[in-house]
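Participant: Please read through the structure below; I'll follow up with questions.
Bear in mind these aren't lab numbers, they're just calculated from the coordinates by the rules spelled out. Not measured: the values here are computed from a predicted model. FYI the Cβ positions are ideal-geometry reconstructions off the backbone, even for glycines, and counts take in every protein chain you see.
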């Protein structure tokens, strides 16, 4: 999901293969309703949209109840235009 209101990228933990190492960190994330979001850490991976590789992005790995999100900062960094 693309979320122009989010400054970070989130990746649902169920989409992270067991072979990928999640880097630990101490970031605190709040949802749009100000509730706390459990963060397992982060991974850096390629951002690929419609078979086009845009570059590497940092994704914070979160609880299973959240959708994966590509945030506004990555959209700006890679000059991705929504149409």
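Participant: How would you order 1-7, 26-32, 38-44 from highest to lowest mean count of nearby Cβ atoms within 10 Å?
Facilitator: Peptide ranking by packing, descending: 38-44, 1-7, 26-32.
Participant: Separate question: Send over the per residue convex hull volume for region 44-83, Cα only, as a whole number of Å³.
Facilitator: Looking at region 44-83, the number lands at 93 Å³ per residue.
Participant: I would also like to ask the following. Would you calculate, for the chain, the mean residue ellipticity at 222 nm contributed by helices, counting each DSSP H stretch of 4 or more residues as -39,500 (n - 2.57) and dividing by all residues, to the nearest 500?
Facilitator: -1500 deg cm²/dmol
Participant: Still on this model: If the chain between residue 30 and residue 53 were fully stretched, how many nm would it gain, using 0.36 nm times the residue separation less the Cα-Cα distance?
Facilitator: Length difference between fully extended and current span is 5.4 nm.
Participant: Quick check on region 2-77: take the gyration tensor over C-alpha atoms, sort the square-rooted eigenvalues as a ≥ b ≥ c, and tell me if it's rounded (a/c under 1.5), prolate or oblate.
Facilitator: Judged from the Cα gyration tensor, region 2-77 comes out oblate (a/c at least 1.5, b/c at or above a/b).
Participant: Could you please rank 24, 13, placing first whichever residue has the fewest other Cβ atoms within 10 Å of its Cβ?
Facilitator: Fewest-to-most Cβ neighbours within 10 Å comes out as 24, 13.
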